[in-house]
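Beneath this line is the structure, given in structure tokens, with notes to follow.
All of the numbers you see were taken from the coordinates with simple rules; none came from a lab. The structure displayed is predicted, hence computed values, not measured ones. Heads up, the Cβs are rebuilt from the backbone with ideal geometry, glycines too, and the neighbour counts pull from every protein chain shown.
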Amino acid sequence: MKNRKNYTVSVTVDLYDNSTDGKFDAFARRVSGTNIALRNARTGNDSRTYTFGCTEQGVGILLSRWSKRLGSGMADASVSVA
């Protein structure tokens with residue numbers, strides 16, 4: 001059996017005056033699948049943080065999908081992988 005490394009990926013998205021807390025909730029649920037599992041979504045002062053459990057392959061997929069979803073707004077997001 002192959003030993004798979006699991007990662008925790010957090011994506012924090014800055015929210016603006018016209019953004020609701022759950023604006024990206026449906027998107028975060030949709031990206032979940034075999035290699036990606038949404039673990040938590042929480043609201044900060046002006047941000048929303050989504051935490052995922054990912055396989056090694058899932059990390060790349062997750063970052064690619066968030067980059068496509070946010071486009072140039074990715075400059076206003078922060079990502080951590082542990």
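Could you derive backbone 3J(HN,Hα) for the range 31-38 from the dihedral phi with the Karplus parameters 6.51, -1.76 and 1.60 (θ = phi - 60°), listing whole Hz in sequence and x where the residue is Gly or Pro?
Rounded to whole hertz, the list is 6, 5, x, 4, 9, 9, 10, 5.
Suppose every K and R has +1 on its Cβ and every D and E has -1 on its Cβ; what is the size of the dipole of the chain about the Cα centre, in Debye to the nearest 20? The partial results should precede the final answer.
Numbers: 12 positive and 7 negative charges, 111 e Å.
Dipole of the chain, to the nearest 20 debye: 540 debye.
From the P(r) of the chain, can you give the percent of Cα pairs sitting at distances over 17 Å?
Numbers: 1405 of 3321 pairs.
Considering the chain, 42 percent of its Cα-Cα pairs are separated by more than 17 Å.
Report the gain in length on full extension from Ser78 to Ser10: 0.36 nm times residue separation, minus Cα-Cα distance, nm rounded to one decimal.
Details: separation 68, 0.36 × 68 = 24.48 nm, distance 0.81 nm.
My answer for the length gained is 23.7 nm.
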